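Down below is the structure, laid out as structure tokens.
A short reminder: the numbers here are calculations on the coordinates, not readings from a lab. As the structure is a prediction and not an experimental result, all values here were calculated from the model. Cβ placement follows ideal geometry from the backbone for every residue including glycine, while neighbour counts extend to all protein chains displayed.
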Amino acid sequence: MTLPTWYRIHAIVTIPFALPMVLIPRWLIELITKGDVSPLAIDLARLVGAAYLLITILTWVAAGELRRRAQVILARVFCVYESIGVLVGLTIHFDANGDLGRWITVGFFAVFALGYLWFGFVTGRLEPATG
């Protein structure tokens, strides 16, 4: 697998979460949690959905439009972002052990963190910048 393919996979996996979070956040929150949905939760879900849309666009563009050096640097940035997502998810979700949807979300962050660790730091060699 190549880094551009990984970026496309990330975009394809993220869009089914991003669009419902922006367009129908109450439904999505009720689907993946067991708790009540407050107006604040709906607003925050829309903000997170907007961030996911940005990530979807960035990963899709990175797959085809960026040079290798920029792709590797962006992979390193996404590794940090996804790792923070895992840590935040773990601190939030310890109170919800039976809530499978939340653990699946943490799992997605972990998978992408490992992928970006691989492509950004293990196999990602930075050539000197030119020009």
Practice item. Please tell me if Gly64 is assigned to a loop (DSSP other than H, G, I, E, B) and either in contact with a strand residue (DSSP E or B) (Cβ under 7 Å, 6 or more places away or on another chain) or farther than 20 Å from Tyr81 by Cβ (or both). Key: no
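Please state which one of Val13, Val86 is of a type in the set (Val, Ile, Thr), free of Cβ contacts under 8 Å to residues at least 60 places away in the same chain and surrounded by 14 or more Cβ atoms within 10 Å (Cβ to Cβ). It would help to see each step written out before you state the result.
Working: Val13 fails: free of Cβ contacts under 8 Å to residues at least 60 places away in the same chain.
Checking each option against the conditions leaves just Val86.
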Point to revise | Meets criteria (small (Gly, Ala, Ser), touching a Leu at 6+ places or on another chain (Cβ under 8 Å) and in a helix (DSSP H, G or I)) for Ala50 | key: no
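For the stretch 81-89, indicate whether the set of residues that are farther than 16 Å from Val106 by Cβ, in a helix (DSSP H, G or I) and either in contact with a Phe, Trp or Tyr (Cβ under 9 Å, 6 or more places away or on another chain) or of a type in the set (A, V, I, L, M) (or both) is non-empty. It would help to see each step written out before you state the result.
Initial filter on the stretch 81-89 (farther than 16 Å from Val106 by Cβ): none.
The answer is no; no qualifying residue exists.
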Point to revise | Sole exception among (1) buried (at least 18 other Cβ atoms within 10 Å of the Cβ); (2) within 26 Å of Leu114 (Cα to Cα) for Pro25, by number | key: (2)
Practice item. Please enumerate the residues belonging to the stretch 58-67 that are in contact with a helix residue (DSSP H, G or I) (Cβ under 9 Å, 6 or more places away or on another chain) and without any contact (Cβ under 8 Å) to a residue 24 or more places away in the chain. Key: Leu58, Val61, Leu66
